[in-house]
Amino acid sequence: MEKVKVGIVGLGRLGRQHAENLAFRIPNCELTAVCSVVEEEVLEVQSKWKIPYGYTAYDEMLKNKELDAIFIASPSGFHCNQIQLALEAGFHVFSEKPLGLYLEEAIAVEKAVKAHPNQIFMLGFMRRYDKSYLAAKEKIERGEIGDPIFIRCYGLDPAAKIDSFLQFAEANYSGGLFLDMAIHDLDLARWYLGTEGKEVWAIGGGYERKEFDALQDAETGAAMVRFENNAIGVFLAGRNCAHGYHIETEIIGTKGSLRIGTVPERNQVVLFNELGAVQECVDGFLERFEQAYRSEVEEFITCILEDRQPAVTVQDGVESTRLGYACKESFEKRQLIHNNPHTVVV
């Protein structure tokens, strides 16, 4: 196989970025088909980028035998079914996070992946491919901070995007703050600490926008997690960050600590004026993680060509979803939740 021919479903904000990477920036890859329920998106991308096939029905795209792999960038509620259908049709599959909006869905996907061991499956936890987060992982593994015992994560979306997100949430596409946003940080915590979450306490609410309360979701929420090795995790996620997109991680160990993204700077320019020293901040996840999104897709294509499974596994998706769902349950019930990781799927 000289080139991996890929069909993508979902051409929204993130899907469009993935499609552009697949079409123009990934070696040994050919974007052969695009699919969206919005016909105008399909026609625009086909015409502009000269993509051979376009579909408004996912089932129709799966009938295309020229394709080698399916890339799923549709809303979260569609992931589970689309992953299973693509695997059953014989394709390699990349899916954006999460596996599904409910734990039962994630477990169903795990069963499907295990039933197709000769096909490559990869989940889009792109922060594992960000150069800064990778460097932190390497430092931890070299013992530079001793044993990691505490992790603090901030995941804050720009206030300017809150109206568009509310429309997304009202359509029941997000799964809630902890499954939609905090799941990236929960995955990082599992990755850095090398353990699973055991107990969860989560709180939050609608502070600037009360519409979130009506949706049983949080505009801003926080969770404290006790891990199996007694390490501590504190996770803050929010939709109302005035200065832009702020992703920050701190890991404290027995012999030191490290931080990633303390200042969400757009570049190295500092403006000095009557307001003081001013730095522009990144305004969204596509800008902050541009390199990571490209690198994770490069890994997926390379895994297909080399016939090997990626380091990010379906089990990572299940356990992160399990922990995120425990946070969601704790927030909704206002009580401590005991998480039960390591459940074996047969």
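The values are calculated or read from the model by the stated rules, or taken from the named source; none is laboratory data. Note that the structure is a prediction, hence the values are computed from the model and not measured. As a convention, Cβ positions derive from the backbone with ideal geometry for all residues, glycine included, and neighbour counts pool all protein chains shown. Side chains are part of the model used for accessible areas, which takes the heavy atoms of the whole protein and leaves out ligands, DNA and RNA. Shrake-Rupley method; radii C 1.70, N 1.55, O 1.52, S 1.80 Å.
Of the residues making up region 131-169, those that are in a loop (DSSP other than H, G, I, E, B) and open to solvent by 10 Å² or more (accessible area, probe 1.4 Å) are Arg142, Gly143, Glu144, Gly146, Asp147. Within region 256-268, the set of residues being in a loop (DSSP other than H, G, I, E, B), in contact with a strand residue (DSSP E or B) (Cβ under 9 Å, 6 or more places away or on another chain) and not basic (Lys, Arg) comprises Gly261, Thr262, Val263, Pro264. Specify the residue that is least open to solvent (accessible area, probe 1.4 Å); the eligible residues are those in region 269-294 that are out of contact with any strand residue (DSSP E or B) (no Cβ under 8 Å at 6 or more places or on another chain) and among the acidic types (Asp, Glu). Among those that are out of contact with any strand residue (DSSP E or B) (no Cβ under 8 Å at 6 or more places or on another chain) and among the acidic types (Asp, Glu), it is Glu287.
Yes or no, residue by residue, for (1) touching a strand residue (DSSP E or B) at 6+ places or on another chain (Cβ under 7 Å); (2) farther than 30 Å from Gly176 by Cα; (3) at pLDDT below 95:
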| site | (1), (2), (3) |
| --- | --- |
| Lys48 | no, yes, no |
| Tyr53 | yes, yes, no |
| Ala69 | yes, no, no |
| Ala73 | yes, no, no |
| Gln82 | yes, no, no |
| Leu87 | yes, no, no |
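Determine if region 262-279 includes at least one residue that is closer than 27 Å to Ala136 by Cβ, touching a residue at least 24 places away in the same chain (Cβ under 8 Å) and among the hydroxyl-bearing types (Ser, Thr, Tyr). Scanning region 262-279 turns up no residue that is closer than 27 Å to Ala136 by Cβ, touching a residue at least 24 places away in the same chain (Cβ under 8 Å) and among the hydroxyl-bearing types (Ser, Thr, Tyr).
Gln119 meets the conditions (1) assigned to a helix (DSSP H, G or I); (2) touching a strand residue (DSSP E or B) at 6+ places or on another chain (Cβ under 8 Å); (3) more than 22 Å from Val38 (Cα to Cα) in every case but one. The failed one is (1).
Residues in region 48-63 that are part of a helix (DSSP H, G or I), open to solvent by 40 Å² or more (accessible area, probe 1.4 Å) and within 17 Å of Glu20 (Cα to Cα): how many?
Residues that pass the stated criteria total 1.
Of all residues assigned to region 161-171, none qualifies as being more than 16 Å from the chain's Cα centre (by Cα), at pLDDT 95 or above and either over 21 Å from Gly197 (Cβ atoms) or among the charged types (D, E, K, R) (or both).
What about Lys198, is it more than 21 Å from the chain's Cα centre (by Cα) and in contact (Cβ under 8 Å) with a residue 60 or more places away in the chain? So Lys198 fits the description; yes.
Mind checking which residues of region 170-225 are among the hydrophobic types (A, V, I, L, M, F, W, C) and part of a strand (DSSP E or B)?
First, pick out the residues of region 170-225 that are among the hydrophobic types (A, V, I, L, M, F, W, C): 171, 177-179, 181-183, 186, 188-189, 191, 193, 200-203, 212, 214-215, 218, 222-225.
Within region 170-225, Val200, Trp201, Ala202, Ile203, Ala222, Ala223, Met224, Val225 qualify.
Looking only at region 229-255, residues that are surrounded by fewer than 21 Cβ atoms within 10 Å (Cβ to Cβ), on the phi < 0 side of the Ramachandran plot and either in a loop (DSSP other than H, G, I, E, B) or aliphatic (A, V, I, L, M) (or both) come to 9 in all.
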